[in-house]
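A short worksheet on the structure shown next.
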Amino acid sequence: MSDTKPISDSTPFQKDIFDRLLAGETILPNDPQMGRLREEAFAVKVLLNQMNSSSNPEDIVQILSRILNKEVQDVAVFTPIYINSGKHISIGKNVFVNFDCTFLALGGITIEDEVLIGPKVSLITESHPLNPKERKGLIGKPILIKKNAWIGANATILPGVTIGENAVVAAGAVVSKNVPDNTVVGGVPAKFLKTI
């Protein structure tokens, strides 16, 4: 055997698939690391099953910390909650997450301090290429929810969106564009309603 590294070790595929998604790279279905996404989702599901069946707030926060691989503080989560990967989720202090929320987080989710997230909210950081030949690929774009924002029940925040500080997203809104600080948006697609 030769001591030289195989050519494949120098290919871009050697960079971690989670980091590449976080960087906005399009990941195609034939990517050699694609199976890691499924492995991660099923590993997280084991922890989610434990968390979602618990009625002890301290246990819920402890399991959530394991899912995110970082300690969360002063966070209240009403289960169930659904997460496909916790690697790139950051949750600040004094955050409240209501029942039945979904976080598809391969593109990265940052939730700053004092945020309120209503029931059935979906934070979706992942999308697919428009090109039909690449449609089964994945693209990640981060979501940032700034301090003291309130996301109303059944709202959907789409990839790449920043929700401004103190902003309010009305119930049922679908947010595809950034929301400025101190504003209220609502509707499908979400539009400016008023300044707070």
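The values are calculated or read from the model by the stated rules, or taken from the named source; none is laboratory data. This one's a predicted model, so the numbers in the text were calculated from it and none came from an experiment. FYI the Cβ positions are ideal-geometry reconstructions off the backbone, even for glycines, and counts take in every protein chain you see. These accessible areas exclude ligands, DNA and RNA; they are computed on the full protein's heavy atoms, side chains included. Shrake-Rupley method; radii C 1.70, N 1.55, O 1.52, S 1.80 Å.
Charge dipole of the stretch 88-185 (Cα centre as origin; +1 on each Lys and Arg Cβ, -1 on each Asp and Glu Cβ, all else neutral): 360 debye, rounded to the nearest 20.
Rolling a 1.4 Å probe across the protein heavy atoms gives the stretch 22-133 an accessible surface of 52 Å² per residue. The distance between label points at VAL46 and LYS70 comes to 2.4 nm (points 7 Å beyond Cα on the Cα→Cβ vector). Placing pseudo-labels 7 Å out from each Cα toward the beta carbon at LEU28 and LEU130 gives an inter-label distance of 2.0 nm. Largest first and in whole Å, the equivalent-ellipsoid semi-axes of the stretch 50-165 read 24, 16, 13, each the square root of five times a Cα gyration tensor eigenvalue.
The charge dipole of the chain, taken about the Cα centre with unit charges on the Cβ atoms of Lys, Arg (+1) and Asp, Glu (-1), comes to about 620 debye, rounded to the nearest 20. Size descriptors for the stretch 129-189: radius of gyration and Dmax over Cα atoms are 13.2, 41 Å. Across the stretch 155-168, rounded Karplus estimates of 3J(HN,Hα) from the backbone phi angles (6.51 cos²θ - 1.76 cosθ + 1.60, θ = phi - 60°) give 7, 10, 9, 8, x, x, 8, 10, 9, x, 4, 6, 6, 10 Hz, Gly and Pro being marked x. Any chance you could give the angle, 0 to 90 degrees and rounded to 10, that helix 57-68 forms with the longest Cα principal axis of the chain? That helix lies at roughly 40 degrees to the long axis. Within the set [x] 18.1, 69; [y] 16.3, 48; [z] 20.0, 80, the number that Rg and Dmax of the Cα atoms in Å takes when calculated for this structure is listed as [x]. Bridges between two residues of the stretch 48-196, per DSSP, are antiparallel at a rate of about 15%. The per residue volume of the convex hull around the alpha-carbon atoms of the stretch 91-139 is 73 Å³. Treating the Cα atoms of the stretch 70-121 as identical point scatterers in vacuum, please give the log10 of the normalised Debye intensity I(q)/I(0) at q = 0.18, 0.22 Å⁻¹, two decimals. Debye curve over Cα of the stretch 70-121, log10 I(q)/I(0) at q = 0.18, 0.22 Å⁻¹: -0.52, -0.80. Accessible surface of THR26, taken over heavy atoms with a 1.4 Å probe and every protein chain present, rounds to 60 Å².
Computed on the chain, with alpha-carbon pairs under 8 angstrom and 6+ residues apart, the relative contact order is 14 percent.
Return the carbon/sulfur percentage of the accessible area of the stretch 54-196, one whole number, probe 1.4 Å, all protein chains in place. Write down the numbers at each step before the final one.
Details: 3760 of 6970 Å².
The C+S portion of the solvent-accessible surface of the stretch 54-196 is 54 percent.
Axis angle, to the nearest 10 degrees, between helix 34-52 and the longest C-alpha principal axis of the chain: 40 degrees.
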